[in-house]
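The structure under discussion appears below in the form of structure tokens.
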Amino acid sequence: MKNSLVFNIPFNSFRSTDFLNCFTSTYMYLEGINVGKVDYECRQLTGKPCNSCGKCGKGGSTPISVQEKYFFLFDTMCGRSSLRCRFDDEPSEMQKLIGETGTDDCGTDYTVAFLFGFAGYEYRKLTVSGEFRDAVIASIDKNKPVIAKVKTTTVEPGSGYFRVITGYDGDALICPDFTNAQKKPEGAPAYEELDVLYIIGDKIAPRYTLTDGLKRIQKVMEHNINENYWGVYTEKTGLYTADGLNTVSLEEKKARLKRVAQTMWHTFNCHNFAEVFRKYQNDKDASVYDRFSGMEKLRSPEFRKLINRIAGPCYGYTHDLAWALIGLEACADWTKHASRYYGEMVQLTLSQIAKNDAEVLAAVKEIISKAVT
């Protein structure tokens, strides 16, 4: 007995096969979203790094670019792309809630329930292994993929813990090619490797709207500011602060600058956030999100100034500043007299990033106040 779905949706190169990545591609399959065609060599579709050729941006409907648009939306509305990291690298309360804590892999009940509700689908979560086989067969026979979480003991650390199951062949499971996802898994897991299944039900009216997504973003951002995350970084890296670089050994200075660079790689989630709002700088681009409840309200001219601010001077700027700090850490020469002043540059840059976060929060709150559904 065999049944396999024709699943040709790619996965996102910004993430491993976490829940967000798997959910996005599964959603596109369920909705029958056309992923477009590629009439040129796309390195990402063969698992190679993007070489920024720019050809996908010209057509706007290649498999990679289409999946990316929906991934950015889900990533932003669930709150993940608003997260900020603690200096000590301990997971924050918001990271725990959303699921950015290793094995959670963005698959906490808080995030999963929102994504299905925002997309407008019923679902049920199965944790009883004895029910897995029948549930998979029944779902595939209804032309619906299954999202599965595998046991953490079966996955190399840093790899994704989620899979999309697109078929079965007797007792063997079938998965699509996860090419393009970071650290892509090879092949399909066995039933005994599965930990949780998400069985997708009927299409329903969305339980969550644009306003609900914006309120989640507000919750994360207010937490970041209230916990003074960027303030701790500037205290640890300033020249004249009580616990700054001038008070520690050379090795500790290097370690702190390295920590800043690591955090900047994480802060690139601002790119995902900005890309969602950039769609509303051009009404034609925004049409991709019209299927989600309330999103059309962002087309209103009253939001144009706020959207432009978020997309460019705030999070476009944060993206560039993050690269600057990564570059500083990579080429820092601690033998030079000027190295004693690196902390001042870091402090000024992080202060601007904190200011950008505060301005985006203010913009989000203003949009909420005028777009309540």
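The values are calculated or read from the model by the stated rules, or taken from the named source; none is laboratory data. Bear in mind the structure is a predicted one, so any value in this text is a computation, not a measurement. No Cβ is skipped: glycine too gets one built from the backbone with ideal geometry, and neighbour counts run over all protein chains shown.
Only one residue in Arg86, Arg80 is out of contact with any Cys (no Cβ under 9 Å at 6 or more places or on another chain) and modelled with pLDDT of 95 or more. Which one?
Working: Arg80 fails: out of contact with any Cys (no Cβ under 9 Å at 6 or more places or on another chain).
Result of the check over Arg86, Arg80: Arg86.
Identify the residue in region 333-373 that is assigned to a helix (DSSP H, G or I) and basic (Lys, Arg) and, among all such residues, is farthest from Val248 (Cα to Cα).
So in region 333-373, the residues assigned to a helix (DSSP H, G or I) come out as 337-370.
Keeping just the survivors that are basic (Lys, Arg) gives 340, 355, 365, 370.
On the way: Arg340: 11, Lys355: 27, Lys365: 40, Lys370: 49 Å.
Per the stated criteria, the residue is Lys370.
Just to be sure I understand the filter: pairs with C-beta atoms under 6 Å, separated by 6 or more residues or on different chains, first member in region 274-288 and at pLDDT 90 or above, second member assigned to a helix (DSSP H, G or I) and hydroxyl-bearing (Ser, Thr, Tyr). Which pairs pass?
Matching pairs, first to second residue: Ala274/Tyr315; Val276/Thr76.
Of Glu296, Glu329, Glu359, which residue is closer than 25 Å to Thr209 by Cα, of a type outside the set (Gly, Ala, Ser) and in contact (Cβ under 8 Å) with a residue 12 or more places away in the chain? Write out each step before concluding.
On the way: Glu296 fails: in contact (Cβ under 8 Å) with a residue 12 or more places away in the chain; Glu329 fails: closer than 25 Å to Thr209 by Cα.
Only one candidate passes the filter, namely Glu359.
Of all residues in region 96-147, count the ones that are touching a Phe, Trp or Tyr at 6+ places or on another chain (Cβ under 8 Å), modelled with pLDDT of 95 or more and in a helix (DSSP H, G or I).
Number of matching residues: 16.
Might you check whether a residue that is of a type in the set (Lys, Arg) and under 18 Å from Asp75 (Cα atoms) occurs anywhere in region 268-282?
In the first step, residues of region 268-282 are kept if they are of a type in the set (Lys, Arg); the result is 278-279.
Adding the requirement that they be under 18 Å from Asp75 (Cα atoms) leaves 278-279.
Within region 268-282 (the criterion being of a type in the set (Lys, Arg) and under 18 Å from Asp75 (Cα atoms)), the answer is yes, since at least one residue qualifies.
Let me spell it out: the conditions are (1) modelled with pLDDT of 95 or more; (2) among the β-branched types (Val, Ile, Thr); (3) farther than 24 Å from Tyr121 by Cα; (4) over 24 Å from the mean Cα position of the chain (by Cα), and Ile174 meets all of them except one. Which number is the exception?
Among (1) modelled with pLDDT of 95 or more; (2) among the β-branched types (Val, Ile, Thr); (3) farther than 24 Å from Tyr121 by Cα; (4) over 24 Å from the mean Cα position of the chain (by Cα), Ile174 violates only (3).
For the condition closer than 23 Å to Asp75 by Cβ and not hydrophobic (A, V, I, L, M, F, W, C), what is the one hit in Asp141, Asp104, Asp171, Asp202? Explain how you work it out, then say what you get.
On the way: Asp141 fails: closer than 23 Å to Asp75 by Cβ; Asp171 fails: closer than 23 Å to Asp75 by Cβ; Asp202 fails: closer than 23 Å to Asp75 by Cβ.
Of Asp141, Asp104, Asp171, Asp202, the one residue that is closer than 23 Å to Asp75 by Cβ and not hydrophobic (A, V, I, L, M, F, W, C) is Asp104.
Could you check Gly187 against (1) farther than 21 Å from Gly99 by Cα; (2) at pLDDT 95 or above and say which number it fails?
All conditions are met except number (2).
So in region 209-248, with the set limited to residues that are in contact with a helix residue (DSSP H, G or I) (Cβ under 7 Å, 6 or more places away or on another chain) and β-branched (Val, Ile, Thr), which one is nearest to Phe292 (Cα to Cα)?
Out of the qualifying residues, it is Thr211.
Do we have any residue at all in region 227-239 that's of a type in the set (Lys, Arg), surrounded by fewer than 16 Cβ atoms within 10 Å (Cβ to Cβ) and in the same structural domain as Thr263 (by TED's automatic domain parsing)? Can you show your working first?
First, pick out the residues of region 227-239 that are of a type in the set (Lys, Arg): 236.
The next check asks that each one be surrounded by fewer than 16 Cβ atoms within 10 Å (Cβ to Cβ); those that pass are none.
So far as region 227-239 goes, no, none of its residues is of a type in the set (Lys, Arg), surrounded by fewer than 16 Cβ atoms within 10 Å (Cβ to Cβ) and in the same structural domain as Thr263 (by TED's automatic domain parsing).
Can you confirm whether Gly60 is at pLDDT below 85 and of a type outside the set (A, V, I, L, M)? Outline the logic, then answer.
Numbers: at pLDDT below 85: yes; of a type outside the set (A, V, I, L, M): yes.
Spelling it out, Gly60 is indeed at pLDDT below 85 and of a type outside the set (A, V, I, L, M).
Looking only at residues in region 249-263 that are under 13 Å from Cys85 (Cβ atoms) and touching a helix residue (DSSP H, G or I) at 6+ places or on another chain (Cβ under 6 Å), which one is surrounded by the fewest Cβ atoms within 10 Å (Cβ to Cβ)? Talk me through it step by step, then tell me what you get.
So in region 249-263, the residues under 13 Å from Cys85 (Cβ atoms) come out as 259-263.
Right, trim to touching a helix residue (DSSP H, G or I) at 6+ places or on another chain (Cβ under 6 Å) and you get 260-261.
Working: Val260: 24, Ala261: 18.
It comes out as Ala261.
Just to be sure, is Tyr168 at pLDDT 95 or above, in a helix (DSSP H, G or I) and on the phi < 0 side of the Ramachandran plot?
On the way: at pLDDT 95 or above: yes; in a helix (DSSP H, G or I): no; on the phi < 0 side of the Ramachandran plot: yes.
So Tyr168 fails the test.
Evaluate region 201-215: report whether one residue or more is on the phi < 0 side of the Ramachandran plot, surrounded by 19 or more Cβ atoms within 10 Å (Cβ to Cβ), more than 20 Å from the chain's Cα centre (by Cα) and in a helix (DSSP H, G or I).
no
Check region 293-306 and report whether any residue there is within 30 Å of Lys236 (Cβ to Cβ), among the hydroxyl-bearing types (Ser, Thr, Tyr) and surrounded by 14 or more Cβ atoms within 10 Å (Cβ to Cβ).
Here is the first cut: in region 293-306, the residues within 30 Å of Lys236 (Cβ to Cβ) are none.
No, that holds for no residue.
Answer with yes or no whether Ala172 is surrounded by fewer than 18 Cβ atoms within 10 Å (Cβ to Cβ), free of Cβ contacts under 8 Å to residues at least 40 places away in the same chain, in the same structural domain as Ser129 (by TED's automatic domain parsing) and in contact with a Leu (Cβ under 8 Å, 6 or more places away or on another chain).
Details: surrounded by fewer than 18 Cβ atoms within 10 Å (Cβ to Cβ): yes; free of Cβ contacts under 8 Å to residues at least 40 places away in the same chain: yes; in the same structural domain as Ser129 (by TED's automatic domain parsing): yes; in contact with a Leu (Cβ under 8 Å, 6 or more places away or on another chain): no.
No, not satisfied.
If you take the residues of region 120-139 that are of a type in the set (Gly, Ala, Ser) and closer than 25 Å to Lys2 by Cβ, which of them is surrounded by the most Cβ atoms within 10 Å (Cβ to Cβ)?
Residues of region 120-139 that are of a type in the set (Gly, Ala, Ser), as a first pass: 120, 129-130, 135, 138-139.
Checking which are closer than 25 Å to Lys2 by Cβ leaves us with 129-130, 135, 138-139.
On the way: Ser129: 13, Gly130: 7, Ala135: 15, Ala138: 12, Ser139: 20.
Restricting to residues being of a type in the set (Gly, Ala, Ser) and closer than 25 Å to Lys2 by Cβ, the top hit is Ser139.
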